[in-house]
Structure formats: structure tokens, C-alpha cells
Amino acid sequence: MKFISTRGQAPAISFGDVLLAGPAPDAGLYVPETWPALDWSRLAAAPRHDYATLASMVLGHFCGDPDWKERIDRITRDVYARFSDPAAAPLRALGPHRWLLELFHGPTLAFKDFALQVLGPLMNEALVARNRRALVLAATSGDTGAAAVNALANRSNIDLIILHPRGRISDVQRRQMTTTDAANIRNIAVEGTFDDAQAMVKQAFADRDFAARHGLAAINSINWVRIAVQAAYYVSTCLALGGRDVAFTVPTGNFGDAFAGYVARRMGAPVRRIIVATNSNDIVARAINTGVYARGTVEATISPAMDIQVASNFERLLFEALDRDAGRTAALMQAFERSGTITLDPPVRQAITSVFSADRVSEAETAATIREVHARTGLLVDPHTAVGLAANRIAGASDDVVTLSTAHPAKFPDAVAAATGVRPGLPDRLRWIETATERCDVLPASIAALKAYITENPRR
Ligand SMILES: *Cc1c(COP(=O)(O)O)cnc(C)c1O
């Protein structure tokens with residue numbers, strides 16, 4: 001299987017390359033050259049597979065090479081066996097036609113573990129095979145950082161520098177990153193906002209000489225392998241529900257998780273509809289509901305992992321909705337980068353709304369949903385999950401709807417306590433971070449400072 005750029009001006013690359021790739025050289029995103037098909041009727045008729053087997057099968061469809069298949073098989077088996085629930089992604093019934101898909105049983109309590117725990121060892125094996133090292137550089141508003149630290153700790157050929165905005169992430173999120181004792185990981189608290197930290201990372205990558213000299217690599221959700229791995233829990237859910245048509249509601253930020261649902265659908269799983277749920281940072285909801293994809297200003301919310309104003313993976317959907325016309329995709333994305341606004345033609349918007357619906361959820365509605373679910377079922381849900389549950393008001397009452405629960409409530413104890421009066425505690429296996437020593441360097445919000453830091457300390 002080869003991977004091509006959504007903007008059509010970059011050479012096709014292999015699975016091993018896409019594993020280590022950021023954006024394509026033409027600034028597009030990599031997508032598979034063709035959509036692989038699951039043998040759905042055979043799968044649905046077979047005895048239930050465990051989660052690791054399904055994940056390996058789904059990801060295996062994107063690589064033709066038996067060596068990679070063997071690695072994927074071994075790594076998925078190892079990774080998902082360490083999740084705290086034997087099903088890895090268990091379904092919980094919430095009421096008639098309604099389920100919650102719990103994606104927070106990984107080591108750092110958010111769905112990002114599903115992909116990063118697999119991506120970390122796979123990237124390392126790709127680097128070892130090529131006798132190369134990489135310096136993964138990323139900015140985080142919380143969950144990605146914790147998941148990346150856990151997934152990359154002590155990898156032989158990878159160093160990680162992770163930037164977070166000083167004082168602007170929750171204590172739990174910070175401690176999950178700064179308490180690592182892995183020698184290949186460095187935390188940097190940036191004296192600025194998440195956008196400042198993100199801009200520093202982008203500028204470091206944009207300096208091509210600097211990036212090449214230090215072997216910079218990215219692990220954000222523009223990485224194709226992350227998306228492909230996440231398609232597996234849509235497949236497992238459809239199978240668990242007996243192969244009937246299912247709608248999924250997805251709390252959405254960068255649109256990676258929702259696009260993974262689209263991938264499962266294209267591979268043949270009966271994903272009937274995807275409901276995109278956003279907080280007040282609603283760029284994707286507006287695009288779907290009005291046909292205008294326009295940048296807004298970021299507002300801080302109680303669901304901070306979705307506080308973004310550009311949804312990178314939307315480009316992949318645009319490419320599909322344009323029938324894979326790379327020229328038109330490039331023209332639209334360049335217009336968006338110039339002006340911050342594009343309007344989708346009616347057939348393009350129609351192609352999107354035939355699969356996606358969308359709803360925007362306010363802060364008050366998010367808190368009210370956390371409170372209501374707790375009162376009705378005794379369950380504590382995190383604010384991101386609550387945004388998804390609130391958006392289900394646009395689903396049909398007799399449609400079967402699965403809402404993705406993207407984080408454990410204990411990651412956002414303040415918001416949950418404010419809504420319910422109950423403060424969710426960390427699972428016992430994570431309590432140690434509350435008292436462990438933290439290690440973190442502080443930098444001003446300056447690209448010069450970041451470059452000097454990397455040049456002076458290429459490795460720890
Ligand atoms: C990252 C994240 C999201 C958003 O996922 P995208 O793939 O960026 O749309 C939602 N909820 C939680 C808890 C997250 O960490």
C-alpha cells in the first residue's frame with residue numbers, strides 16, 4: 001500500500017515512511033492510495049475476536065509487507081493487554097439505543113493512548129531498521145503530551161521534547177508528563193499560551209535545515225498511522241453490536257478521531273452516521289452545518305482538548321468530498337491559509353452531510369449534561385464526553401447511537417466536581433504521580449530560545 005498527498009504534488013510513500021512522516025512536502029496530508037476493504041460479512045459471522053486481533057487486522061490492511069504485519073501483530077498484542085479493561089474499548093449501555101464507548105482505559109486515561117501506544121514502538125522499530133534517530137517535538141494542551149511521554153519513554157532511537165503552556169494545564173495533566181524518569185524525555189513549560197508553544201514547534205519544523213539537522217519528527221494527529229489505528233474501535237463496536245447500522249457521536253477537536261470513523265466506514269463497517277460534537281470552538285460544526293469553513297478565535301473551555309481553531313484533518317475529508325481531486329483540495333486549502341475562510345460548493349457539502357452531522361455545545365450545556373448523567377445513572381463523565389452526550393439531541397430517538405468517551409473523569413476533576421459535587425479520584429495505579437518529583441525546564445515563548453535549547457542539549 002502506498003500513501004499519497006491530498007495536494008497531489010508529492011511522491012507516493014510507503015508504510016514505513018508514512019509512519020515517520022509529518023505533512024507531505026507539498027503541505028498536504030498523506031492518505032492511502034486506495035481504501036482497503038474489510039471482509040465484513042465474514043468478520044461479522046466469525047466468533048468474536050479480541051481487541052488486539054481486530055486492531056492488528058485493521059492496521060494491517062494499510063501495509064502489504066509481512067515484516068510490518070508481524071511487528072504490528074506483536075505490538076498491538078502487547079499494548080492492549082496492558083489496558084486496564086480486558087476489552088480495551090468496552091461498551092456501556094446508557095439507555096434505549098444509547099451506548100458509551102469507554103476509550104480511557106489506557107495508561108494515561110485518554111483515547112490518545114489507543115494510537116500513541118502503538119505508534120511509539122512502531123516508529124522506534126522503523127528508526128532502528130534504518131539506523132536513524134528522531135527527535136519528536138510537540139506542543140500539548142494536555143492529553144497528547146501525557147500519552148506521548150508514556151508511549152515514547154525509554155525508546156532506544158527516539159528523544160521527545162514536549163512543550164506545554166506554563167500554568168495553563170491541569171495538575172493531573174502536568175504531573176503525568178513531568179514525573180517521568182525516562183532519560184529520553186524533556187518537558188518544557190513555555191511562558192505563554194498553548195498557541196505560543198504550538199507556534200514555536202511549527203517554526204522549528206519550518207526551518208528545514210534545523211529540522212533535518214536534529215531529525216525532528218511529529219506525532220500529532222496528522223500522522224496517518226494514528227488515524228488508522230483508531231479506526232479499529234469503530235470496527236470493534238459495530239461487531240459488538242451485532243453488525244447493525246450504528247451512529248457514532250465524536251467529541252471533536254482536530255477531527256482525527258471523527259475521521260477515523262469515516263475510515264472504518266470506507267473499509268466496510270456499518271458506520272451509518274458520524275455526529276461531530278464540538279464545544280464553543282466550533283469550526284468543524286459550522287463547516288458541516290453552513291458550508292463555510294472559517295477560522296474563529298479560540299475560547300478556553302472546560303473541554304480543553306477540543307479548544308482549537310483549525311481542524312487539521314478536515315483536509316482529508318475535503319479531499320474525499322472532492323472525489324480525490326488534489327488540485328481543487330490544494331487550491332481550497334491554500335485559499336483557507338491565506339484568508340481564513342472558504343465556502344464549500346453544494347455538492348461538496350452534500351458529500352459531507354451524507355455521512356456527518358454536527359452540533360455545538362455550550363459550557364452551560366456541558367456542565368448540565370455531566371450533572372444530568374450523574375443524577376440519572378450514577379456515572380461520572382468527563383467534560384469532553386459530556387459534549388458528545390449533549391450533541392445526541394440531534395440524533396433520532398430510535399437510532400442506535402454510540403458516544404465516544406474520550407477521557408477519564410479524573411483527568412478533569414475540577415469541572416466534574418463543579419457540576420456534580422463529586423470529585424473523581426485517580427485510579428490507584430496512577431496515584432503515585434501526585435507525590436512524585438517533577439522535572440521540567442522553563443523557556444520564554446521564543447523560537448530562538450527553543451532552538452538554542454535544542455542545539456545546546458541535543459540529547460539529555
Ligand atoms: C484530543 C481529544 C479530543 C479531540 O480529538 P480529535 O481527534 O483532535 O478531534 C477529544 N477529547 C479528548 C479527551 C481528547 O484528548
Next on the checklist: I'm checking my understanding of the structure. Among residues of the stretch 215-252 that are in a helix (DSSP H, G or I) and small (G, A, S), which one is surrounded by the fewest Cβ atoms within 10 Å (Cβ to Cβ)?
Outcome noted: A240
Checklist entry - What are the residues in the stretch 225-237 that are within 21 Å of R316 (Cβ to Cβ) and either without any contact (Cβ under 8 Å) to a residue 40 or more places away in the chain or not aromatic (F, W, Y) (or both), if any? => result V225, R226, I227, A228, V229, Q230, A231, A232, Y234, V235
Checklist outcome for this item: In the stretch 253-310, anything part of a loop (DSSP other than H, G, I, E, B), crowded, with 23+ Cβ neighbours inside 10 Å and hydroxyl-bearing (S, T, Y) is listed as S303
Checklist entry - Between residues in the stretch 295-322 that are within 20 Å of P165 (Cβ to Cβ) and away from the ligand (no atom under 11 Å from the Cβ) and residues that are part of a helix (DSSP H, G or I) and at pLDDT below 90, which pairs lie under 8 Å by C-beta distance while being six or more apart or on different chains? => result V298/D195
Checklist entry - Is there a residue being at pLDDT 95 or above and of a type in the set (A, V, I, L, M, F, W, C) anywhere in the stretch 213-225? => result yes
Item to check | Selection within the stretch 17-63 - within 30 Å of A211 (Cβ to Cβ) and surrounded by fewer than 18 Cβ atoms within 10 Å (Cβ to Cβ) | outcome: D17, G22, P25, D26, A27, E33
Checklist entry - What residue, of P444, P424, P458, P383, is more than 16 Å from the ligand (Cβ to nearest atom) and modelled with pLDDT of 95 or more? => result P444
Next on the checklist: Given the criteria crowded, with 21+ Cβ neighbours inside 10 Å, of a type in the set (A, V, I, L, M) and within 16 Å of the ligand (Cβ to nearest atom), does A410 qualify?
Outcome noted: no
Checklist outcome for this item: The lone condition S357 fails out of (1) part of a strand (DSSP E or B); (2) more than 16 Å from the ligand (Cβ to nearest atom) is (2)
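Quick grid of which residues meet (1) at pLDDT below 90; (2) under 19 Å from M333 (Cβ atoms); (3) in a helix (DSSP H, G or I):
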| residue | (1), (2), (3) |
| --- | --- |
| G8 | no, yes, no |
| G16 | no, no, yes |
| D26 | no, yes, no |
| L38 | no, no, no |
| T53 | no, no, yes |
| V58 | no, no, yes |
| C63 | no, no, no |
| D67 | no, no, yes |
Checklist entry - If you scan the stretch 282-324, which residues turn out to be aliphatic (A, V, I, L, M) and under 18 Å from Y262 (Cα atoms)? => result V284, A285, A287, I288, A311, L317, L318, A321, L322
Checklist entry - Looking at A351, is it in a helix (DSSP H, G or I), free of Cβ contacts under 8 Å to residues at least 12 places away in the same chain, surrounded by fewer than 19 Cβ atoms within 10 Å (Cβ to Cβ) and away from the ligand (no atom under 16 Å from the Cβ)? => result no
Next on the checklist: Please go through the stretch 96-154 and give me each residue that is of a type in the set (D, E) and either within 12 Å of the ligand (Cβ to nearest atom) or closer than 24 Å to G261 by Cα (or both), ordered by number.
Outcome noted: E102, D113, D143
Item to check | Failed condition for R92, given (1) part of a strand (DSSP E or B); (2) of a type outside the set (F, W, Y); (3) farther than 26 Å from H384 by Cβ | outcome: (3)
Checklist entry - Do we find that A386 is within 15 Å of L94 (Cβ to Cβ), under 19 Å from the mean Cα position of the chain (by Cα), assigned to a helix (DSSP H, G or I) and touching a residue at least 12 places away in the same chain (Cβ under 8 Å) in this structure? => result yes
Checklist outcome for this item: Every listed condition ((1) at pLDDT 95 or above; (2) over 27 Å from R48 (Cα atoms); (3) surrounded by fewer than 24 Cβ atoms within 10 Å (Cβ to Cβ)) holds for R71 save (2)
Checklist entry - Just wondering, is there one or more residues in the stretch 451-460 that are assigned to a helix (DSSP H, G or I) and under 24 Å from the mean Cα position of the chain (by Cα)? => result no
Checklist entry - If you check every pair at least six apart or on different chains, which have Cβ atoms under 7 Å apart with a residue in the stretch 1-20 that is closer than 14 Å to A326 by Cβ and touching a residue at least 24 places away in the same chain (Cβ under 8 Å) first and a residue that is small (G, A, S) and crowded, with 21+ Cβ neighbours inside 10 Å second? => result S5/A24; S5/G28; T6/G28; R7/A24; R7/G28
Checklist entry - Being touching a Leu at 6+ places or on another chain (Cβ under 6 Å) and in contact (Cβ under 8 Å) with a residue 24 or more places away in the chain, is that true of even one residue in the stretch 360-368? => result no
Item to check | Candidates A391, A418 - the one that is surrounded by fewer than 18 Cβ atoms within 10 Å (Cβ to Cβ) and either away from the ligand (no atom under 14 Å from the Cβ) or not in a loop (DSSP other than H, G, I, E, B) (or both) | outcome: A418
Checklist entry - Looking at the stretch 253-272, which of its residues are in contact with a Ser or Thr (Cβ under 6 Å, 6 or more places away or on another chain) and either closer than 20 Å to P96 by Cα or touching a residue at least 60 places away in the same chain (Cβ under 8 Å) (or both)? => result A258
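The values are calculated or read from the model by the stated rules, or taken from the named source; none is laboratory data. Owing to the predicted nature of the structure, the values given are computational and were not obtained by experimental measurement. As a convention, Cβ positions derive from the backbone with ideal geometry for all residues, glycine included, and neighbour counts pool all protein chains shown.
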